[in-house]
Amino acid sequence: MEKQELKSVVAAFGQLVTAAVNLDSDKDGQIELTEIFTFVQTLVMKVAGVYGSFPAAIKQLNDVASEERTEFIDLFAANFDLTNDDAEKLIEEWLYVVDDLLDAIKATKNFIG
């Protein structure tokens, strides 16, 4: 899988998560049929565009070097948007923490042998 294709998968995933989190678009505490329909449209469009690539992307992301993972996290963050900016920032910060943990786990595995 080319890097650009992998970037498309990551960007689409960020947009899908945003759509799911913002399902109640009018913030009235109820999810109406039109909101569900809008989300399903987004889901179908995004998944259709990258569906065949998604399993390969997950496998490839597991093998990506830390510097590249940071680039993909940046790309996800650019496509992920919450109305609560503090919550959005916190989630994005946790993604970088998870990235650091993955590096620590790999280093530990290599050290142990």
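Computed values, structure above
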{"item": "Residue among Asp85, Asp28 that is loosely packed, with under 14 Cβ neighbours inside 10 Å and within 17 Å of the chain's Cα centre (by Cα)", "result": "Asp85"}
{"item": "Total residues in the stretch 1-28, condition without any contact (Cβ under 8 Å) to a residue 24 or more places away in the chain, of a type in the set (A, V, I, L, M, F, W, C) and in a helix (DSSP H, G or I)", "result": "1"}
{"item": "From the options Ala48, Ala57, residue that is at pLDDT below 75, surrounded by 12 or more Cβ atoms within 10 Å (Cβ to Cβ) and out of contact with any Gly (no Cβ under 6 Å at 6 or more places or on another chain)", "result": "Ala57"}
{"item": "All positions within the stretch 79-102 that are among the aromatic types (Phe, Trp, Tyr) and assigned to a helix (DSSP H, G or I)", "result": "Trp94, Tyr96"}
{"item": "Residue count, the stretch 60-113 (criterion: of a type in the set (A, V, I, L, M, F, W, C) and within 30 Å of Leu23 (Cα to Cα))", "result": "16"}
{"item": "Count - residues of the stretch 66-82 that are surrounded by fewer than 16 Cβ atoms within 10 Å (Cβ to Cβ) and β-branched (Val, Ile, Thr)", "result": "1"}
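For every residue, the table says whether it meets (1) touching a residue at least 24 places away in the same chain (Cβ under 8 Å); (2) touching a strand residue (DSSP E or B) at 6+ places or on another chain (Cβ under 8 Å); (3) within 30 Å of Ala104 (Cβ to Cβ); (4) not basic (Lys, Arg).
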| site | (1), (2), (3), (4) |
| --- | --- |
| Thr34 | no, no, no, yes |
| Val44 | no, no, no, yes |
| Arg69 | yes, no, yes, no |
| Glu93 | no, no, yes, yes |
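The values are calculated or read from the model by the stated rules, or taken from the named source; none is laboratory data. All values reported here derive from a predicted model rather than from experimental measurement. Cβ sites come from the backbone with ideal geometry, for glycine too, and all protein chains shown count toward neighbours.
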